[in-house]
């Protein structure tokens, strides 16, 4: 029903999130009886939003049936589980932002597949909320095309922080993102790959093995329908989820007009601390301006990042 509603919603996906988080609107969208009638008190009916009524009146039941088959098939085969924003296992940090996606698709770890009979929605699933909300988490992002030195530094930083219990969140892209995931995995840590495609579509193709390793011990996450391809804007939208899942963001490399800069703006909009990697970005004018404005911090080691994270947690900022 949520996927069918998203196809019909006239504007932002977060409009559907707002409907799901409203008990009255949710009843309108999901709670009709077999005759299509609502059983709402008259007082509650007056509180229903126009969008909830519009979606409930116009959703194509054929599309609902289509998406039901798609999701049930993927879940039964162990590819993923759907996680609506109303589910208590949806990460709190993400749910609290104004543009939280109404639905996530999350991979299952190997151990979950071994202990559950698909398509069961067992208690152990998913690991995402526990891995993200139980301890510190850090987004590490940067350019797809960068130097070997930046790649090496990213792997070291991610490994050092993951080994100390920090969950590493990144976007499964080439370059810095891949290095961040590899570093976390090498340390035996937990990492989340937030995808700019549907969870069944890995991009770039060269990261299929990396995605499989993350699926084995970490979590793949997508806000898009399972078979959705990449688009011109899907990777920017996935940056919202990267920033919102994380207590803070570390930018390893990036130009003023880049996805990395966009990640900075999103993290700041959510009130998250942002760190810029000094050896790469310390001389960039756009970074200097943000540092002088007190918006971000320059760091040059994993230890500095860890200190900032610890301070932020003590101050209750994240």
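Derivation of every value follows stated rules applied to the coordinates shown; laboratory data play no part. Computed from a prediction, not measured in an experiment: that's the story for all the values here. Here the Cβ is made from the backbone with ideal geometry for all residues, glycine too, and neighbour counts use every protein chain on show.
Annotations
- Stokes-Einstein diffusion for segment 191-248, with the hydrodynamic radius set to the Kirkwood value over Cα pairs and evaluated at 37 °C in a medium of 0.692 mPa s, equals 284 µm²/s.
- Spin-label model, residue 288/residue 133: points 7 Å from Cα along the beta carbon direction are separated by 4.4 nm.
- Site pair residue 265 and residue 149 shows an inter-label distance of 2.9 nm when each label is modelled 7 Å from Cα along Cα→Cβ.
- The tail of the calculated P(r) for segment 123-196 beyond 13 Å holds 59 percent of all Cα-Cα pairs.
- Were the residues from residue 26 through residue 66 laid out at 0.36 nm apart, the gain over their Cα-Cα distance would be 12.3 nm.
- Intensity falloff of segment 161-291 expressed as log10 I(q)/I(0), Debye formula with alpha-carbon point scatterers, at q = 0.10, 0.11, 0.17 Å⁻¹: -0.30, -0.37, -0.89
- Modelled spin-label separation between residue 206 and residue 73, with each label point placed 7 Å from Cα along the Cα-to-Cβ direction: 3.1 nm.
- Scaled radius of gyration (Cα, divided by 2.2 N^0.38 Å) that segment 56-107 gives: 1.32
- Convex hull (Cα only) mean projected area of the chain, reported in nm² to one decimal: 17.2
- The angle between the Cα long axis of helix 234-245 and the main principal axis of the chain comes to about 80°, on a 0 to 90 degree scale.
- Compared with the dominant principal axis of the Cα atoms in the chain, helix 208-217 is inclined by about 80°.
- Cα-based Kirkwood hydrodynamic radius, segment 221-318, one decimal, Å: 14.3
- In the chain, helices alone account for a calculated mean residue ellipticity at 222 nm of -14000 deg cm²/dmol, with every DSSP H run of four or more residues adding -39,500 (n - 2.57).
- Relative to the longest principal axis of the Cα atoms of the chain, the long axis of helix 61-76 lies at roughly 50 degrees.
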